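> The structure's right below; bear with me while I get my questions together.
What follows draws every value from the coordinates through simple rules; no lab data is involved. Not measured: the values here are computed from a predicted model. Glycine gets a Cβ as well: all are built from the backbone with ideal geometry, and neighbour counts include every protein chain shown.
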Amino acid sequence: MPVAPPRPKDLPLNALRAFEAAARLGGFAAAAAELGVTPGAVTAHVKALEDRLGAALFLRDARGVRLTALGARVLPDFVAAFDALGQAQHLLRAEAAPRAVHIATLPAIAQLWLTPRLPALRAAMPELAISVTALEAPPNLKRAPYDLSLFPGDQGQLVAEDEIFPVCSPALAARIACADDLRGLPCLIDSAWAGDWALWAAAVLPGFEARGPVFSLYALAVEEAAGGAGVLMAHGALVAGHLARGALVAPLPQRVRLPHALRLWPARPLRAGSPVAQVARALLP
């Protein structure tokens, strides 16, 4: 009579994914943010995996977690495996929905730079379904379900140089003849780019400290500046439309170039004539 022994159970995929993310990113909280779960869920998955293996993968102390020798030995294989799985998912999505293009970008870029360009894109390529997701940080394109990433950075194709300079409403600009005049005016501060004022002041107006309302949405700060609420340290590419319409003006000539330009990069090498390549080409200067 044939022998049919029970098949050994595979290790749970979610637990392996939690281990790989925590090991690669250096902590359970960072892994939870990437995976879209709670740190407690990552902790539970890793603990269950360690119990199943009968061996520790992390050493835990008051300063956080670090890999054991076992965890460090196996991590490269798991990174490669999940990268390959991510690329396979990209391919599957592209084959299943060949006319869909998914773009990830910062909220401010989505609202102020990308959205005004979408009507022309859709008119030129009506057969494509273009989706935009606003994220606070660039996604890991080896894993995340996006075709294109549009963020300030040093990789990918140049879309626009990033330079900062003060902007305000035309009425408020009449009160600014030189940089020192900013000392008596409210400065609008974006929480995500709170250091912009200090960067510009270090080059143009040493000792100046920006004071004024803080906004969590850059687009809202731009509209407040156009409404006369104060002076905003603007990113040139994001306020170009407002400057062209005259809703904002740049009362001072001094501009500071930032090291990270606005760049576009794809999840996979672009294939000539593909929908992703068409959209990428249309977004590039």
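> Restricting to segment 134-154, count the residues that are in a strand (DSSP E or B) and within 22 Å of residue 85 (Cα to Cα).
2
> Something else about it: State the number of residues belonging to segment 45-100 that are within 17 Å of residue 21 (Cβ to Cβ), out of contact with any helix residue (DSSP H, G or I) (no Cβ under 8 Å at 6 or more places or on another chain) and not in a helix (DSSP H, G or I).
Residues that pass the stated criteria total 4.
Here is a yes/no grid of residues against (1) under 30 Å from residue 244 (Cβ atoms); (2) among the aromatic types (Phe, Trp, Tyr); (3) in contact with a Leu (Cβ under 9 Å, 6 or more places away or on another chain):
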{"position": "24", "(1), (2), (3)": "no, no, yes"}
{"position": "63", "(1), (2), (3)": "no, no, no"}
{"position": "76", "(1), (2), (3)": "no, no, no"}
{"position": "93", "(1), (2), (3)": "no, no, no"}
{"position": "102", "(1), (2), (3)": "yes, no, yes"}
{"position": "137", "(1), (2), (3)": "yes, no, yes"}
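> Has segment 83-90 got at least one residue that is small (Gly, Ala, Ser) and either touching a residue at least 24 places away in the same chain (Cβ under 8 Å) or farther than 26 Å from residue 9 by Cα (or both)?
Yes; the residues of segment 83-90 include at least one that is small (Gly, Ala, Ser) and either touching a residue at least 24 places away in the same chain (Cβ under 8 Å) or farther than 26 Å from residue 9 by Cα (or both).
> Using beta carbons and a limit of 9 Å, which pairs, at least six apart or on different chains, have the first residue in segment 171-189 and more than 26 Å from residue 108 (Cα to Cα) and the second one basic (Lys, Arg) and part of a loop (DSSP other than H, G, I, E, B)?
Close Cβ pairs satisfying both conditions: 181/175; 184/175.
> Something else: Would you pick out the residues in segment 71-85 that are among the hydrophobic types (A, V, I, L, M, F, W, C) and farther than 19 Å from residue 34 by Cα?
72, 74
> So in segment 199-219, with the set limited to residues that are surrounded by 15 or more Cβ atoms within 10 Å (Cβ to Cβ) and not in a loop (DSSP other than H, G, I, E, B), which one is farthest from the chain's Cα centre (by Cα)?
Only one residue tops the list, namely 204.
> In segment 123-133, how many are more than 14 Å from the chain's Cα centre (by Cα), surrounded by 15 or more Cβ atoms within 10 Å (Cβ to Cβ) and not in a loop (DSSP other than H, G, I, E, B)?
So the answer is 1.
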